[in-house]
Each structure stands twice: as structure tokens, then as C-alpha cells.
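The values are calculated or read from the model by the stated rules, or taken from the named source; none is laboratory data. Please read all numbers here as calculations on a predicted model, not as lab measurements. Note: ideal-geometry Cβ built from the backbone for every residue, glycine included; neighbour counts use all protein chains shown. For accessibility, only protein heavy atoms count, side chains too; no ligands or nucleic acids. Shrake-Rupley method; radii C 1.70, N 1.55, O 1.52, S 1.80 Å.
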Number of protein chains: 2
Amino acid sequence: MNIGEAAKQSELPPKTIRFYEEIDLVKPSRLGNGYRDYSPSDVHTLRFLQRSRSLGFTIEECRLLLSLYADDRRASADVKALANQKVAEIDRKIKELRSLRKTLSTLAENCHGNDKPDCPIIDDLAGEHRQ
Amino acid sequence: MNIGEAAKQSELPPKTIRFYEEIDLVKPSRLGNGYRDYSPSDVHTLRFLQRSRSLGFTIEECRLLLSLYADDRRASADVKALANQKVAEIDRKIKELRSLRKTLSTLAENCHGNDKPDCPIIDDLAGEHRQ
DNA sequence: CTTGACCTTCCAGTTGGTGGAACCTCTATA
DNA sequence: TATAGAGGTTCCACCAACTGGAAGGTCAAG
């Protein structure tokens, strides 16, 4: 199957699929005309990548997950640990974003938001903390 | 003042400060020996950048904020709008992360996490959705 | 006079792709 | 059979926002 069809089936752009080949995540065979030829198993790998990337795993984590997937003697504990580590990462990010949000919205609330130059947001950024 | 001292006072690494100069965010003068020479006003700008970057504004947004800061006839509404837009962005990100977190933790919860190969996380990534 | 800290420039790499140019190949239709 | 258009190929450059490292110049202290 050509790259276009593989793209449709995996929901990944052709450019991304070529990129994944460049970094050795998928290795399609080639036809006589030089076109890439994707087997159902290649497409399966691409879908695996699409799904794991959309869940926030990095490329290197996807590589690890693929090798765990291929290893039929893998311990499920290894995969679970990676997933839980990812959950902890997400928690950290959410926490950080919430704190950011709080600071920014407090600043915005204290700003009149009119056509006058007086602005507590700018003052805060500039380090002019007036009460 | 040398770049090292400016770095300390602004809490930005020297590399970052040089980078900010390259993209015309700050323009220190030079000494006879070629060393950069930061004025208190330069350091003030660097601190402004440090603060606004840490609040999640992009470089281009920081550039805009700096020009608003410099414009003493700015409308505070402009700054407030930017801050509120940023808050909305943060809200979107938090929402996305929460949904991701939910999916991942559900997957992890359904995984035994033992030394056996059976693993619902991998199965899900592979698209083998068995009930 | 040397050592070490600090400064300079320049180039490359990071992450995960995306856009574009130049060119080749296949298929359908006039 | 000529040709148009869709889709394939490679390669190179670019995005954000830095960071690391090499090679070399400068300064202050002992």
C-alpha cells in the first residue's frame, strides 16, 4: 500500500510517516518504482504510534512501548510504570498551569482594562509592585 | 555591568541573555574589550522578560508587552486582553491534560502490573480493544 | 607568569514535525 | 498518444526557545 493510503488508515500525515521512517520507527519495503510499500503490520505500527503520541508519550517512549509490544515476554509492570510516570508528569504540568492561571487572572482582574495607560499587569511584569 | 552580573540580577542564564540580544529584545552597549555592558535599564528589561516568559508568554508576546510597557500612552485594555487570552489558552491546555490523564490512569488501573505479558495498556495502544 | 574565571563568536543539537522546491510516476481522458 | 493532475520521491530549510561545546581573548589574583 502507498503512503497516502497508509496515512489515511493511521491518521498520520505522510510527512510524519516519512519522518518516523527516518528515525527508524517503521521500515516499509520499496516497490520497483521507489515508492514505499506499507504492509498491514506497518500500518498497525503507525496506528500504535499515532495513539501513543496522542496520549502524550514522547517519541523515545513510543520506541520503548513498541519494543515492549514486540516482546511477548514483557512484564506488564514495565508498561504500567511508564503509564503511571506519564500520569505523574501530567499532574505536575496541570499543577504548574493552575498556578500560572491564578497569577495571570489575578493580575487581569486588578487591571481596569480601559484606554488609560495605568496597568497593574505591566507594573507587575516590570517589577513595580505597588500595593 | 558584565553579562554574568546581569544574569544574576535578572535570573536568566548568560546564554539566554545573548540569545535575547540576537533577536533584538535587548541591546547592551559594548566596552573597549568587546564585553557587553548592561545598564540598569537593560537589566530591568531582562527581568521583565524573565517574568513574562515564566508567566507563559511567548517571545513575540513579550516583545509586544515590552513595546506596550515603553508606550506611556498604551491602553491598559490591550494588556488585559493579552493576559486574558493567555488565561484562556491555559484553560484549554489544562482541559486537554485532564482528559489525557483520565485516559492514561484508566488504562493503568486496568493493568495488573505483574511480570506477565498480558497488558491492557499495550492492547489499547495496539488497537486491540477487548472487553 | 601562570592559573582560573569570565568573556567572545560560531556552529550544532534539541523535539516533533511542517513547508516548499525540484523532480519522477501513474492513471485517466481528449 | 499526448497531457494533465494526483500522488510519489529526495533534500533542505524552518518553527520555539534555548542549550552545549569548541576555540580563543581578557582580566584579576597570587
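The figures follow:
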| quantity | calculated |
| --- | --- |
| Flag if A:Gln85 is more than 30 Å from B:Asp71 (Cα to Cα) and away from DNA strand C (no atom under 12 Å from the Cβ) | yes |
| Given (1) among the acidic types (Asp, Glu); (2) open to solvent by 70 Å² or more (accessible area, probe 1.4 Å); (3) away from DNA strand D (no atom under 16 Å from the Cβ), number of the condition A:Glu89 does not satisfy | (2) |
| Qualifying positions in segment B:68-83 - of a type outside the set (A, V, I, L, M), within 21 Å of the chain's Cα centre (by Cα) and open to solvent by less than 60 Å² (accessible area, probe 1.4 Å) | B:Lys80 |
| Lone unmet requirement of (1) at pLDDT 95 or above; (2) crowded, with 19+ Cβ neighbours inside 10 Å for A:Ala108 | (1) |
| Qualifying residue in segment B:28-41 (condition: under 30 Å from A:Ile90 (Cα atoms) and in a helix (DSSP H, G or I)) | no |
| Leading residue by the ranking (nearest to B:Pro40 (Cα to Cα)) among those in segment B:5-20 that are away from chain A (no Cβ under 14 Å) and away from DNA strand D (no atom under 11 Å from the Cβ) | B:Ala6 |
| Qualifying position, being open to solvent by less than 80 Å² (accessible area, probe 1.4 Å), assigned by TED's automatic domain parsing to the domain that holds B:Lys8 and touching a Leu at 6+ places or on another chain (Cβ under 9 Å), among B:Val26, B:Val43 | B:Val26 |
| Pair list, Cβ < 8 Å and 6+ apart or interchain, from segment A:44-66 residues that are in a helix (DSSP H, G or I) to residues that are charged (D, E, K, R) | A:Arg47/A:Glu11; A:Gln50/A:Glu11; A:Arg51/B:Asp124; A:Ser52/A:Glu61; A:Ile59/A:Arg53; A:Glu61/A:Lys86; A:Cys62/A:Arg53 |
| Sole residue being free of Cβ contacts under 8 Å to residues at least 60 places away in the same chain, in a helix (DSSP H, G or I) and within 20 Å of A:Asp78 (Cα to Cα), chosen from B:Ser99, B:Ser105 | B:Ser105 |
| Of all residues in segment A:1-23 being surrounded by 15 or more Cβ atoms within 10 Å (Cβ to Cβ) and outside any helix (DSSP H, G or I), the one that is nearest to the chain's Cα centre (by Cα) | A:Leu12 |
| Subset of segment A:68-83 (residues that are small (Gly, Ala, Ser), more than 7 Å from chain B (Cβ to nearest Cβ) and either farther than 14 Å from B:Asp123 by Cα or assigned to a loop (DSSP other than H, G, I, E, B) (or both)) | A:Ala81 |
| Any hit, segment A:33-40, residues being buried (at least 17 other Cβ atoms within 10 Å of the Cβ) and either modelled with pLDDT of 95 or more or closer than 30 Å to B:Thr58 by Cα (or both) | yes |
| Given (1) within 10 Å of chain A (Cβ to nearest Cβ); (2) away from DNA strand D (no atom under 12 Å from the Cβ); (3) modelled with pLDDT of 95 or more; (4) more than 17 Å from A:Cys119 (Cα to Cα), index of the condition B:Gln50 fails | (2) |
| Matching entry among A:Lys86, A:Lys93 (being within 7 Å of another protein chain (Cβ to nearest Cβ), under 15 Å from the mean Cα position of the chain (by Cα) and farther than 15 Å from B:Asp124 by Cβ) | A:Lys93 |
